[in-house]
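Participant: Can you keep this structure in mind? I'll have questions shortly.
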Amino acid sequence: MCPPVPFITRLAAGFFLVLFFTNMAEAEQTMPARKGKLDISLVDFNQAGLVSLDGEWEFYWKQLLAPDDFKAFADPDPHYFAVPEVWNNKYAGLQELAPEGYATYRLLLLRNDSERQLLSLSIPNVYTNYKLWINGVILSSNGNVGTEASLAKPQWEPVIKTFEASGETIEIILQVSNFHHARGGVHKSLKLGTPEAISKDRETAVVANMLLVGGLLILGAFFLVFFLIRKGQRATMYFGALCLFWGIRSLFSNIYLVTSFFESTSWGLAVRVEYISLYLSMLWGMLFISSVFPNGMKALYKYILITINYCIISLTVILPPVFFTQLLPAYQFFIAVNLLYAVVVISRAIYEKQFEAWFSAASIIIGIGLFAYELTAYALVVKINLVFLNLGYLMIFFLNSLVLAYHFVGAYKQVHVLEKEKASSFERRLRRA
């Protein structure tokens with residue numbers, strides 16, 4: 001059968017074009033703050049939708065300042081720090097910033113009039129807790145901000161808060177501390193807009209995430225039940241486990257839906273589930289590829305794969321988050337190596353004219369694109385389009401389910417041929433008799 005090269009090419013090209021133009025469209029909506037001030041006087045929130053409060057915020061390292069402290073300052077003399085941005089290995093003046101520490105951010109929003117207006121602020125999770133004031137009034141908090149680990153309590157729960165804006169200036173003060181993670185600071189954008197626009201943005205992200213979670217859990221349950229019915233089909237077990245654990249990871253990452261459903265969820269438990277589900281997804285995914293393309297995967301490689309994942313999962317269970325989260329960059333490199341190895345295995349299968357390998361090839365192309373997208377966003381702290389990302393993941397799992405479907409059809413055809421041969425043989429015996 002002729003391999004669908006044009007289909008693969010169009011699919012990959014379409015994927016990257018959508019990614020490029022989607023991010024370009026989003027980038028045009030950002031008005032960066034300068035020197036701790038953001039001019040929103042010309043913004044019509046009823047038309048503009050959302051404004052990301054990105055740019056240079058006032059930054060006070062090793063200081064937890066409240067609104068009254070700024071009233072007492074004649075000349076605060078701040079440093080300026082980019083938001084969103086982790087503060088690891090960055091500088092405040094001549095001082096290099098460590099992951100563990102605390103700071104105060106401050107931003108002034110300049111309006112063109114003093115009319116009262118109802119606005120909402122979308123506040124993401126930060127590394128790893130915060131307290132936020134609007135015009136001197138506490139609006140929101142996650143966990144407990146502290147000057148040392150014993151006083152600080154981490155929490156990740158993205159929230160939406162509504163307030164009434166009045167006057168020509170909106171002052172935002174944000175205290176942040178981190179003593180429990182390998183990264184510190186505000187790594188996601190705060191968004192300002194009308195309550196309707198902010199709610200719609202949140203609902204879009206939630207629906208996109210729930211579609212991914214629901215789709216993966218259904219796929220995972222189907223293939224795991226299929227494995228229990230027809231034992232011996234290890235590929236179905238591996239793929240079912242891959243779907244299941246990636247679905248679980250989707251609940252414990254990005255917008256952290258699990259904290260919206262269960263507010264009492266332990267932060268330490270949530271972070272461990274997020275990381276372990278990533279490691280297990282990687283393990284099951286590579287075992288799935290080794291099962292459907294057994295000629296290309298060496299036994300030594302599978303031993304190394306299982307050993308490394310066993311070790312890093314054990315460390316994640318045993319060590320506190322501030323230590324095991326430091327292992328993620330090394331594991332991301334390990335993921336990149338595995339993706340390259342998967343490309344080699346699938347390329348060999350294509351060379352050996354295994355038609356179903358083209359479905360995996362398409363999923364690998366998309367997977368590499370998504371991995372590069374997430375890795376870039378994680379390293380450079382840029383916004384992720386969750387709708388596009390989740391649709392990409394669903395496409396990957398759908399394409400790999402077609403690989404299993406192709407195997408099932410092939411097995412059915414072989415059984416059908418054997419049954420026909422058996423029936424023909426039986427008829428010949430009857431004629432001889």
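Participant: Can you say whether Leu339 is within 27 Å of Ala362 (Cα to Cα), touching a Gly at 6+ places or on another chain (Cβ under 7 Å) and either free of Cβ contacts under 8 Å to residues at least 40 places away in the same chain or aromatic (Phe, Trp, Tyr) (or both), as far as the supplied structure shows?
Facilitator: Yes, satisfied.
Participant: OK, next. Checking the condition in the same structural domain as Ala98 (by TED's automatic domain parsing) and at negative phi, which residue from Phe245, Phe226, Phe179, Phe239 passes?
Facilitator: Exactly one residue qualifies, and that residue is Phe179.
Participant: Taking the range 186-224, which residues are assigned to a helix (DSSP H, G or I), of a type outside the set (A, V, I, L, M) and within 21 Å of the chain's Cα centre (by Cα)?
Facilitator: Ser199, Lys200, Asp201, Arg202, Glu203, Thr204, Asn209, Gly214, Gly215, Gly220
Participant: Please work out which one of (1) more than 22 Å from Pro67 (Cβ to Cβ); (2) touching a helix residue (DSSP H, G or I) at 6+ places or on another chain (Cβ under 8 Å) is the condition Glu171 fails and give its number.
Facilitator: (1)
Participant: Here's a follow-up. All but one of (1) at pLDDT 95 or above; (2) assigned to a strand (DSSP E or B) hold for Leu118; which doesn't?
Facilitator: (1)
Participant: Further question on the same structure: Is it fair to say Ala342 is under 30 Å from Arg183 (Cβ atoms) and modelled with pLDDT of 75 or more? It would help to see each step written out before you state the result.
Facilitator: Numbers: under 30 Å from Arg183 (Cβ atoms): yes; modelled with pLDDT of 75 or more: yes.
Yes.
Participant: From the residues in the range 121-152 that are outside any loop (DSSP other than H, G, I, E, B), aliphatic (A, V, I, L, M) and touching a residue at least 40 places away in the same chain (Cβ under 8 Å), which one is farthest from Ala205 (Cα to Cα)?
Facilitator: Leu132
Participant: Would you mention how many residues in the range 85-128 are farther than 23 Å from Ser141 by Cβ and of a type in the set (Phe, Trp, Tyr)?
Facilitator: Total meeting the criteria: 1.
The values are calculated or read from the model by the stated rules, or taken from the named source; none is laboratory data. Just so we're clear, the structure is a prediction, and the values are computed from it rather than from any experiment. No Cβ is skipped: glycine too gets one built from the backbone with ideal geometry, and neighbour counts run over all protein chains shown.
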